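Reviewing the structure listed below.
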Amino acid sequence: MLQSVYTPKEFKKIRAAGDIVARCFEFLTPHIRVGISTGDIDKMVAEFLREAGAKSSSLGYHGFPKHCCTSVNDVIVHGIPDDAAILKDGDIVNIDLTVEYKGYHADASRMFMVGNVAPGARKLVQVAQDAMNSAIAACGPGVPLSEIGRTIEAVVKPHGFSISRDFVGHGIGKTMHDEPQIYHFFEPAHNKIKMVPGMVFTIEPMINEGSEKCKIDPDGWTARTVDGKLSAQWEHTVGITEDGVLIFTEKMND
């Protein structure tokens, strides 16, 4: 169950991949505005990774056709960038980026708000971010994996939002997806699985405005809310240390 356990030397390699993810988001941020297509976003990601000497872990993964995922409004996850999909005033969009650099992977996603976003949508985005941050803060050696989902539920439920149960976080490092699975809702079976130093995984709660259920588009990838209501997601790759937790997908100090 604990395949994704790495040495301090390997932590540095995952951290280097995570720094590229963070710098790519920093590069993208001023371009995420009304009128840009999600296809354009993907092209910018591809160019940035090429110049950084890295590559997209997503491109070609089980046939996925693009370098990143762009999930707009009611799309929960795995939206495919498209030159015909133009961002409009009031949209919210998640960009999900996994990078491979020198044999190690790091994965993160961020929400972007386009133009004049409604207060309810802004609240959803903020609650999703708060849920991720609170779950990361709860991590440390000896903590049950179930504490991640318990913490996320405690943040989300008071607002009346739901948590997608169809998708999970995951171990990561030498491979893009590995054990353990990380549930974003309380899972009693995970009470028995404790975090250990060296463990690396993603935390990536998907928070829905309405129903937790999803439907998949004919493309086989794009997962939408069944009721057409909004969804928001934030994600970091984290590692358990001897005394706490390290976020790999933040920008390193220059």
| said: Restricting to DSSP H runs of at least four residues, report the calculated mean residue ellipticity at 222 nm for the chain, -39500 (n - 2.57) per run over all residues, nearest 500 deg cm²/dmol. | reply: -8500 deg cm²/dmol
| said: I need the phi-derived Karplus couplings for the range 160-171: 6.51 cos²θ - 1.76 cosθ + 1.60, θ = phi - 60°, integer Hz, Gly and Pro marked x. | reply: x, 8, 10, 10, 4, 9, 8, 9, 9, x, 7, x
| request: May I ask you to give the percent of accessible area on the range 205-254 that is carbon plus sulfur, with a probe radius of 1.4 Å? | output: 48 percent
| field | Most mobile of PHE201, PHE11, PHE27 in a GNM of the chain (Cα contacts under 10 Å) | value | PHE27
| query | In the full protein assembly as shown, how much of ARG23 is accessible to a 1.4 Å probe, in Å² to the nearest 10? | reply | 80 Å²
| task | Roll a 1.4 Å probe over the protein chains and send me the accessible area per residue for the chain in Å². | result | 42 Å²
| Where a label projected 7 Å from the Cα of MET252 along Cα→Cβ would reach, residues of the range 28-55 with amide N under 18 Å | 49-55
| message | Taking 25 Å as R0, compute the FRET efficiency from the Cβ-Cβ separation of LYS43 and ASN133 and round it to 0.05. | response | 0.25
| note | Between VAL196 and LYS55, the FRET efficiency computed from the C-beta separation at R0 = 35 Å comes out, to the nearest 0.05, as 0.75
| In nm, to one decimal, how far is the ARG33 label point from the THR241 one, both placed 7 Å along Cα→Cβ? | 3.8 nm
| field | Carbon plus sulfur fraction of accessible area for the range 48-159, probe 1.4 Å, in percent | value | 51 percent
| field | Residue order for HIS67, HIS159 - accessible surface, 1.4 angstrom probe, largest first | value | HIS159, HIS67
| remark: the range 37-90: relative contact order from alpha carbon pairs under 8 Å, six or more residues apart, as a whole percent, is 43 percent
| note | Given backbone amide H placed at 1.01 Å from N, residues whose amide H is under 5 Å from that of ILE193, ignoring those fewer than 5 places away on the same chain, are LEU145, SER146
| task | Please name which of ILE80, GLY63, PRO30 has its Cα lying farthest along the dipole of the range 24-82 towards the positive end, using unit charges on Cβ (Lys, Arg +1; Asp, Glu -1) and the Cα centre as origin. | result | GLY63
| note | Set LYS12/LYS194; LYS12/LYS55; LYS102/LYS192, cut-off 28 Å on Cα-Cα distance; pairs above it are LYS102/LYS192
| query | Given N residues in the range 114-254, what is Rg(Cα) / (2.2 N^0.38 Å)? | reply | 1.07
| field | GLU212 accessible area, 1.4 Å probe, all protein chains in place, Å² to nearest 10 | value | 70 Å²
| task | Report the charge-dipole magnitude of the range 97-254 in Debye, nearest 20, computed about the Cα centre from +1 at each Lys and Arg Cβ and -1 at each Asp and Glu Cβ. | result | 320 debye
| How much of THR70 can a 1.4 Å solvent probe reach, expressed as accessible area in Å² and rounded to 10? | 10 Å²
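The values are calculated or read from the model by the stated rules, or taken from the named source; none is laboratory data. Predicted model only: the values in this text are computed from it and were never measured. Every residue, glycine as well, gets a Cβ built from its backbone with ideal geometry; the counts of neighbours run over all protein chains shown. Just so you know, the surface numbers come from the protein's heavy atoms only, side chains and all, with ligands and any DNA or RNA stripped out. Shrake-Rupley method; radii C 1.70, N 1.55, O 1.52, S 1.80 Å.
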